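Visitor: One structure, as structure tokens, below. Some questions next.
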Amino acid sequence: MSGPCPAAGESDKERNRQNMTSEREDYLATYRRDGFAVVRGVFSAAEVAEIAEAFDAVRAAGLRFARSFRDRNLLYRLSVDANLGKTLRMVQWPAYANAVLDRYRLDRRIYDIVAPLAGPDLKQIINQMHWKPPGAAQNSFGFHQDIWFRRPRAAYRNPAASYVQTGIAVDPHRTANGAMVFCRASHGRGELSLDGDGRVMERDMSAEDLLRFGIAQDDTAPMALEPGDVALWNLYTVHGSGPNLSGIDRRIYLNGYVAAADCDRGEWAFRGGAPCALGEPVLVHYDALYKRPYPHYVED
């Protein structure tokens, strides 16, 4: 299923890789200081268009289902929006269903960004597409830390140093269309608690939540991204995103990697820097993978 990227545009890719190498110290220093960073212009306009087309194909497939639907690790998360009706908010492990998205999760440029932080042997625990359409009544994500979702915790070791979350911007990301907002240096505070929190996808970002975390509003930073930029952040970095109040989509392709030695779960992504093709699904987040592997609707 996985394979090398097409030959077309290889010179552009190599130039991008060289530019990333020259900028490496900047983004690594920023990441370590703030808990997040951006590497600009990683993917070309043509490549972003290819990813966007893959998003459209996965979205069309997901909207054929009456409600949220799972096929082993592949999960289409649907909801009924008050303004738009049935919507697809996110998909977990779309790489199983779409060869283009599978290829980009293993792109060498992503490896070059992540490997200096997590090493040459990488598993993948996050493969998600997130879609915020304009006009939706509810498409915010409340402030949270990704460490909250690493269960069982014993399977995820050394989380502060071994895990790197990445996101490829498919559309421009601005405050108006629900760009992510990060809290500077919050990764240095360890795991925080938000008493009474509901599901992240059902919460709005709020000053009250920041107050509960002990984070000042001045320490927040909207993440402005252009299509083809790659954002990266720490498992402990507090972040969220607001509603899409604009007239354009806000799509992002998330891939989270971990030093293989520090995680008992996850799909292999790179061994010694070499990309690993997907095989039979292995245990990641879906605990009932081996008990209920067949396709089925899920309750939200």
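Visitor: What is the distance in Å between the Cα centres of segment 249-300 and segment 122-170?
Guide: With segment 249-300 and segment 122-170 each reduced to a Cα centre, they are spaced 12 Å.
Visitor: Tell me, in nm to one decimal, what length is gained between ALA60 and ARG151 on full extension, where the rule is 0.36 nm per residue of separation less the Cα-Cα distance?
Guide: Numbers: separation 91, 0.36 × 91 = 32.76 nm, distance 3.06 nm.
So the extension gain works out to 29.7 nm.
Visitor: Now for a different question. At 7 Å along Cα-to-Cβ for each site, give me the label-to-label distance between ALA221 and ARG40 in nm.
Guide: Distance between label points: 1.4 nm.
Visitor: Let me ask something additional. Rg and Dmax of the chain over Cα atoms: what are they, in angstrom?
Guide: 18.1, 51
Visitor: With a point put 7 Å past each Cα toward its Cβ, work out how far ILE248 is from ALA137 in nm, to one decimal.
Guide: That separation, rounded to one decimal, is 2.7 nm.
Visitor: Which of the helices in the chain, when you take each full DSSP H run, stretch at least 20 Å along the axis at their Cα atoms and have an average Kyte-Doolittle score of 0.0 or higher? Let's see the in-between values first.
Guide: Details: long enough: 10-34 (33 Å, -2.38); 45-62 (25 Å, 0.62).
Correct list, ordered by number: 45-62.
Visitor: How much length, in nm to one decimal, is gained on full extension between VAL282 and VAL80, taken as 0.36 nm per residue of separation minus their Cα-Cα distance?
Guide: On the way: separation 202, 0.36 × 202 = 72.72 nm, distance 3.03 nm.
Extending this stretch completely gives an extra 69.7 nm.
Visitor: Quickly work out the ASP204-to-TYR290 label distance, labels modelled 7 Å from Cα along the C-beta direction, and quote it in nm with one decimal.
Guide: Roughly 4.5 nm, to one decimal.
Visitor: How far, in nm, would the chain grow between ALA161 and TYR297 when pulled straight, counting 0.36 nm per residue and subtracting the alpha carbon separation? Don't skip to the answer; put the middle values down first.
Guide: On the way: separation 136, 0.36 × 136 = 48.96 nm, distance 3.62 nm.
Computed gain between ALA161 and TYR297 is 45.3 nm.
Visitor: Take the chain, mark every one of the GluC sites (Glu not before Pro) that falls in a DSSP loop and has at most 16 other Cβ within 10 Å, then report the longest stretch left between them, sites excluded. Don't skip to the answer; put the middle values down first.
Guide: On the way: sites that count: GLU191, GLU299.
Of all site-free stretches, the longest is 1-190.
The numbers here are math on the coordinates, done by the rules we state, and not lab data. All figures in this text were calculated on a predicted structure; none of them were measured in a lab. Cβ coordinates were reconstructed from backbone atoms using ideal geometry, including for glycine residues, and neighbour counts include every protein chain displayed.
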